[in-house]
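Enquirer: What follows is a structure written as structure tokens; I'll ask about it next.
Taken together, the values in this text are just the output of simple stated rules run on the coordinates, not laboratory data. These figures come from a predicted structure and were not determined experimentally. Here the Cβ positions follow ideal geometry from the backbone for every residue, glycine too, while neighbour counts run over all protein chains shown.
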Amino acid sequence: MILWKIKAFDEITRDELYAILKVRQEVFIVEQETYYLDTDDTDQKALHVWAELDGKVVAYCRVFDKGIKYDETSIGRVLTHPEYRGLKLGRTLITYAISCIETRYKTSNIRISAQDYLIKFYGDFGFIPTDKKYLEDNLPHTEMYRI
């Protein structure tokens, strides 16, 4: 059974934090072959949204209030564990993240940095691509906005 969690940084247990950082490294650094400092001094300001199955983090993202990453609220570090792709966990994750923003921050204005291959995926949630396209860690990205 999948257990969904939403926690501020200071509510996360040591074991939960270890599992979150581990899956972020597995996906963003090892799988995508990018080399950057994943712990960027903003985790402490984020709400962390994730799914656990048998103690393993299988989907994850972090959510920010306005003024931390962008002028608007934002969602970042979105991932699904490689062994659990195809279960539509990403769709549920983004639904929870948007709901979290609307409930806690009282807005639906969200800005994200999307890898280009996910533009259609985010478009299904009402995100619109902007003209801002760039390489981030050698991967093509597009800034997207949701009203």
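Enquirer: Which of the trypsin sites (Lys or Arg not before Pro) found in region 1-93 are in a DSSP loop and have at most 12 neighbouring Cβ atoms, other than their own, within 10 Å? Walk me through the numbers before you get to the answer.
Expert: Details: sites: K5, K7, R14, K22, R24, K45, K56, R62, K66, K69, R77, R85, K88, R91; in loops: K66, K69, R85, K88.
When the trypsin sites (Lys or Arg not before Pro) of region 1-93 are filtered for loop state and at most 12 Cβ neighbours within 10 Å, K88 remain.
Enquirer: Exactly which GluC sites (Glu not before Pro) in region 38-110 are in a DSSP loop and have at most 11 other Cβ atoms within 10 Å? The partial results should precede the final answer.
Expert: Details: sites: E52, E72, E83, E102; in loops: E72.
Answer in residue order: no site qualifies.
Enquirer: In debye, nearest 20, what is the charge dipole magnitude of the chain about its Cα centre with +1 on Lys and Arg Cβ and -1 on Asp and Glu Cβ, if you could check? If you can, show how the numbers build up before the last one.
Expert: Working: 21 positive and 24 negative charges, 103 e Å.
Here the chain has a charge dipole of around 500 debye.
Enquirer: Now, a different point. For a quick check: sort T42, T95 by the number of other beta carbons within 10 angstrom, fewest at the front. Don't jump to the answer; show the numbers that get you there.
Expert: Values: T42 14, T95 11.
The fewest-first ordering by Cβ neighbours comes to T95, T42.
Enquirer: What do you get for Rg/Rh of the chain when both radii come from the Cα atoms and Rh is the Kirkwood radius? Intermediate results must be reported in sequence, preceding the final value.
Expert: Values: Rg = 14.4 Å, Rh = 15.5 Å.
Rounded to two decimals, Rg over Rh is 0.93.
Enquirer: Contact order normalised by length for region 105-147, with contacts defined as Cα pairs under 8 Å and 6 or more residues apart; what percent is it?
Expert: 50
Enquirer: Place +1 on the Cβ of every Lys and Arg and -1 on the Cβ of every Asp and Glu in region 3-146, take the dipole about the Cα centre, and give the residue among Y36, L17, T80 whose Cα lies farthest towards its positive end.
Expert: Positive-most Cα among the choices belongs to T80.
Enquirer: Sort M1, M144 by Cβ crowding within 10 Å, fewest neighbours at the top.
Expert: On the way: M1 5, M144 22.
So the residues, fewest neighbours to most, are M1, M144.
Enquirer: Show that you can apply the helix-only estimate: for the chain, add -39,500 (n - 2.57) for every DSSP H stretch of four or more residues, divide by all residues, and state [θ] at 222 nm to the nearest 500.
Expert: On the way: 3 runs with 32 residues, N = 147.
Rounded to the nearest 500, the figure is -6500 deg cm²/dmol.
Enquirer: When the Karplus curve 6.51 cos²θ - 1.76 cosθ + 1.60 is applied with θ = phi - 60°, which whole-Hz ³J(HN,Hα) does each residue of region 35-43 get, with x for Gly and Pro?
Expert: Along region 35-43, the couplings run 10, 7, 7, 5, 7, 10, 6, 10, 4 Hz.
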